[in-house]
Amino acid sequence: MLTILFDGIAYGMLLFILAVGLSVTMGLMNFINLAHGAFAMAGGYITILLMQQWGVPFLVCLPLAFLIPALLGAVLEPTLYRPLYKKPHLDQVLFTIGLTFMAVASVDYFVGSSQQIMQLPEWLKGRTEIGQGQWRLGMGHYRLFIIAVCAVLTIALQFGLSRTRFGSQLRAAVDDQRVAAGLGINVNLVFLGTFAMGSGLAGLGGALGAEVLGMDPSFPLKFMIYFLIVVAVGGTSSITGPLLAALLLGVADVAGKYYIPKLGAFIVYSVMIIILVWRPQGLFIRQGAKS
């Protein structure tokens, strides 16, 4: 039981890092970016290809898996995304889902449709067992690494959004763009930095999740619903909400697939429906205007 809980927490933390960028763009920038999974796929493929073809160490690949999608996001935000900020949400959905299918087709053409296998370093392989019987805790070294990395990123995100000048400027730009611009805040630059950060986090999540989730061209479509569940259940007004939603989803998914394999997905969606009926706006609600 403890092992299932541990694996569920590791899975949930991974889902949080993958989905938090989408939560930021939807909640703070009021933009529905269904192409978010494509940035995660980019990070995963960057890591796998660098390790397989050039022998780049895993720990060196992780920063690159963040930086390259972040730079890609910084290029695409002013050129493709920004003109759609004022458009209806349906236009945003159609545009970004189109980008997702383009990314899937491109990866399938250039890399192939087969699932990519990531070879972890030796020090991340193996498992540590603690306790006996039903209270035995089996901790996979890589899942322990995922929990540690995601915990550090969560603390850094919470600090960055609540205690830094950039976080204050972002919240001001979200509440009222015209007033923020009148105060001397470069709203476009703030949104560009936010979008790039979200894209980079997605890429890092894809790199961390390549071994756990698998990596193939259908990755953005396969896990899009999980990202949306995290955002819908957790809300888009804080870091805490998506974190708790991701942990709940991770534990429910792992436990459901372990105890009732044929009903694993049913349990996840049931939990989502119950929470949304109870709190339609998500677990945490932030009052504020958007323009």
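This model, with +1 at the C-beta of Lys and Arg and -1 at the C-beta of Asp and Glu, gives the chain a dipole about its Cα centre of some 560 debye. In terms of packing, defined here as the mean over residues of other Cβ atoms within 10 angstrom, the peptides 110-119, 56-65 line up highest first as 56-65, 110-119. What is the Cα centroid distance between the stretch 144-204 and the stretch 49-92, reported in whole angstrom? The two parts, judged by their Cα centres, are 16 Å apart. Need one word for the stretch 64-103: rounded, prolate or oblate. Basis is the Cα gyration tensor (sqrt eigenvalues a ≥ b ≥ c); a/c below 1.5 gives rounded, then a/b vs b/c decides. Oblate.
Among 183, 208, 14, the largest mean-square fluctuation in a Gaussian network model of the chain (Cα springs under 10 Å) belongs to 183. Going from the fewest other Cβ atoms within 10 Å to the most, the residues 238, 162, 199, 23 appear in the order 162, 238, 23, 199. To the nearest 10 degrees, how steep is helix 36-53 against the longest Cα principal axis of the chain, on a 0 to 90 scale? The angle comes out near 50 degrees. Extension gain, residue 179 to residue 267, is 27.2 nm, computed as 0.36 nm per intervening residue step minus the present C-alpha separation. Ranked for footprinting exposure by Cβ neighbours inside 10 Å, fewest first, 211, 77 give 211, 77. With respect to the chain, whose longest principal axis is taken over its alpha-carbon atoms, helix 187-213 is tilted by about 10°. Counting other Cβ atoms within 10 Å as a rough exposure proxy, the listed residues 86, 257 run 86, 257 from fewest neighbours to most.
The angle separating the long axis of helix 264-278 from the principal Cα axis of greatest extent in the chain is about 40 degrees. What shape does the stretch 1-121 take by its C-alpha gyration tensor, where a ≥ b ≥ c are the square roots of the eigenvalues and a/c under 1.5 counts as rounded, a/b above b/c as prolate, and the rest as oblate? Here the stretch 1-121 falls in the oblate category.
Taking a ≥ b ≥ c as the square roots of the eigenvalues of the Cα gyration tensor, the stretch 173-291 is classed as oblate, since a/c reaches at least 1.5 and a/b does not exceed b/c. In the chain, a dipole from Cβ-located charges (positive for Lys and Arg, negative for Asp and Glu) runs towards its positive end, and of 89, 76, 112 it is 89 whose Cα lies farthest in that direction.
Highest mobility in the GNM of the chain, judged by mean-square fluctuation with C-alpha springs under 10 Å and restricted to 223, 195, 266, is found for 266.
Just so you know, all these numbers are worked out from the coordinates, no wet-lab data involved. All of these numbers come straight from a predicted model, not from anything done at the bench. Here Cβ is always computed from backbone atoms with ideal geometry, including for glycine, and neighbour counts include all displayed protein chains.
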